[in-house]
Amino acid sequence: MEKHDVVVVGGGHNGLTVAAYLAKAGVDVCVLERQDKVGGAAVTRELTVPGFKHDLGSVQHLLVLANPITYRDELGLLSKYGLKYIPIDPLVSVLFPDDRALTIYRDAAKTRASIAQFSERDADAYAKFVDYLGKISQVAAIATFSPPIPFGRMVSVLDQSEGGQEYLRVIHSSAIDILEEWFESDYVKAALARIICEQLIAPSEKGTGIGIFAYGLYHRGWSVPQGGSGALSEALAACIKDKGGTVKVSSPVKTIKVENGEAKAVVLENGEEIAATKAIISNLNVKQLLLQMVAAEALPPGFTDKVKRIKQSSFAPLHQALALNEAPKFKGGGDLDKTVMILFSDVMDKYLRVHEDLLHGIPRTDLPTIAVATLVDPTRAPAGKHTLYLYFYEPYNLKDGGPQGWDKIKQQVADGILETLRAHTTNMGPENILGRWAFSPLDFERYNPAFISGDFLHIGMFVTQMFGNRPIPGWAQYRTPVKRLYMCGASTHPGGGVSCGGRAAVQVIMEDLGIDFRKVVAK
């Protein structure tokens with residue numbers, strides 16, 4: 001039987017992060033990945049025609065750039081393993097039906113001018129809003145890349161200061177609640193809500209105020225990894241291998257073997273067993289791990305009921321990748337043609353109505369997100385050509401037809417989303433499209449079993465499932481009721497998105513293994 005000190009189940013970027021730190025510490029670690037490439041949602045593939053590199057999940061990265069894994073280059077991903085980030089400017093534009101756009105730049109004066117076309121008062125308020133976020137976000141930044149404390153204790157600690165009290169108020173509010181306090185223009189409020197609420201939840205949902213704090217990092221700047229989001233995952237895999245670890249692709253795990261209350265080995269779908277002498281770490285969905293891979297009798301009475309109660313995100317993605325002769329040209333002009341990411345929105349009441357339809361299982365096609373990373377990274381396509389990321393929220397469970405209904409209407413809905421883009425551009429006819437690929441919410445679930453209900457955040461990022469509540473109150477420190485079995489990844493703190501949040505999980509794991517994390521990162 002093959003044997004390692006530690007086995008990591010799932011080669012998404014968080015599992016790779018944990019494995020890379022362990023490998024740097026001298027631990028014999030093996031990563032097992034179901035797909036033929038590592039990365040999970042942070043993966044880049046030729047989805048359309050050869051030579052065009054498309055991102056399956058994320059395109060632009062933000063939180064990972066605030067993580068010491070990159071800004072201190074703790075693993076050498078930037079200096080040794082080929083990872084390179086390309087800063088972008090403009091940062092993001094929000095496009096309205098009348099072809100006007102609100103654009104956020106690195107430069108505060110240019111951002112102010114863009115907001116002023118909708119409201120001079122809001123343009124002045126925006127600078128104060130960003131300053132406010134910068135101050136209050138310091139509270140959030142401290143805990144993002146370290147293990148969470150129990151939620152009740154966090155509330156108690158934060159309640160001792162005015163800044164902490166304000167932080168608690170915001171995270172229990174909706175994004176709309178907070179924006180209403182600062183701005184008057186429906187256009188400005190809808191634009192900022194559109195940017196902030198990218199966590200598969202309606203912006204009117206209480207708790208979406210959490211997203212406000214990520215916005216506080218925006219003016220530090222979004223960046224794109226050269227070669228695609230998969231470049232981050234590939235650099236992590238290269239680090240693991242260079243330090244003596246093992247990465248195995250096309251190796252789906254079926255079950256976790258538990259003996260006398262301890263995780264001992266993993267069993268692959270082909271029947272092969274791989275033993276772990278010190279720990280098994282799951283980068284899978286918490287429901288996938290604890291409802292499907294671990295026998296119920298190995299868990300405390302009633303524990304699986306708690307896992308079953310975990311809520312999925314409200315929406316799921318319908319994603320399209322297009323290979324283009326030339327980048328989209330927008331009727332609105334200005335800086336739209338050189339903006340990597342553009343979000344479509346509408347005035348507030350219509351914007352919110354879209355989410356109401358989605359919550360009732362009714363698909364919509366009018367507010368997509370696009371990204372043209374080749375505007376700043378020509379390595380993703382043949383010379384002079386471009387890639388297009390075309391993405392929109394949809395309901396997983398359709399009102400008419402349920403999840404399986406997506407097999408009937410996917411192309412129709414995808415075509416409608418493309419038509420929305422065409423209505424605002426001058427060159428997105430068939431002659432500009434060299435190849436096209438589409439994935440429905442159901443396709444995402446089929447592609448990766450961790451994306452239950454098409455949810456690539458694993459579980460909903462509601463305030464009741466964040467911080468010390470993620471994934472379950474009392475079990476947010478990456479440990480499970482099974483000894484030597486740990487969790488990392490999007491099901492755990494700090495949640496979904498490209499953050500390399502596995503850095504927090506590995507601190508707990510190293511503590512249990514008797515390894516000093518601080519000495520490891522100081523090497």
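Listing for the model above:
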quantity: Shape category assigned to the stretch 346-505 from the gyration tensor of Cα positions, a/c cut at 1.5; calculated: prolate
quantity: Length added when fully stretched, E356-A116, from 0.36 nm per residue minus Cα-Cα; calculated: 83.4 nm
quantity: Backbone HN-Hα couplings from phi across the stretch 425-433 [Karplus 6.51/-1.76/1.60, Hz, Gly and Pro as x]; calculated: 10, 10, 9, 9, x, x, 5, 8, 9
quantity: Computed FRET value (nearest 0.05) for S146 with K483, which takes r as the C-beta separation and R₀ as 22 Å; calculated: 0.40
quantity: Calculated FRET value between T379 and K308, using beta carbons and R₀ = 35 Å, to 0.05; calculated: 0.20
quantity: Correct choice for Cα extents along the principal axes in Å that was computed from the model, options (i) 65, 56, 50; (ii) 107, 78, 46; (iii) 77, 51, 50; calculated: (i)
quantity: The chain - percent relative contact order, Cα under 8 Å, separation 6 or more; calculated: 24 percent
quantity: Approximate spin-label separation R169-A295, in nm, with each point projected 7 Å along Cα-to-Cβ; calculated: 5.4 nm
quantity: Separation of the Q160 and T255 label points, Cα + 7 Å toward Cβ, nm; calculated: 4.8 nm
quantity: Rounded if a/c under 1.5, otherwise prolate or oblate - the stretch 200-356, Cα gyration tensor axes; calculated: oblate
quantity: Residue-averaged 222 nm ellipticity for the chain, from DSSP H runs of 4+ at -39500 (n - 2.57), nearest 500; calculated: -9500 deg cm²/dmol
quantity: Cα-based shape type of the stretch 72-199, given that a ≥ b ≥ c are square roots of the gyration tensor eigenvalues and the cut on a/c is 1.5; calculated: oblate
quantity: Distance (nanometres) between label positions extended 7 Å along Cα→Cβ at D337 and D99; calculated: 1.3 nm
quantity: Efficiency of FRET from Cβ geometry, D516 and M1, R₀ 25 Å, rounded to 0.05; calculated: 0.20
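Readers should treat all values here as calculations from the given coordinates under stated rules, not as data from a laboratory. Quantities reported herein were computed from a predicted structural model and do not represent experimental measurements. FYI the Cβ positions are ideal-geometry reconstructions off the backbone, even for glycines, and counts take in every protein chain you see.
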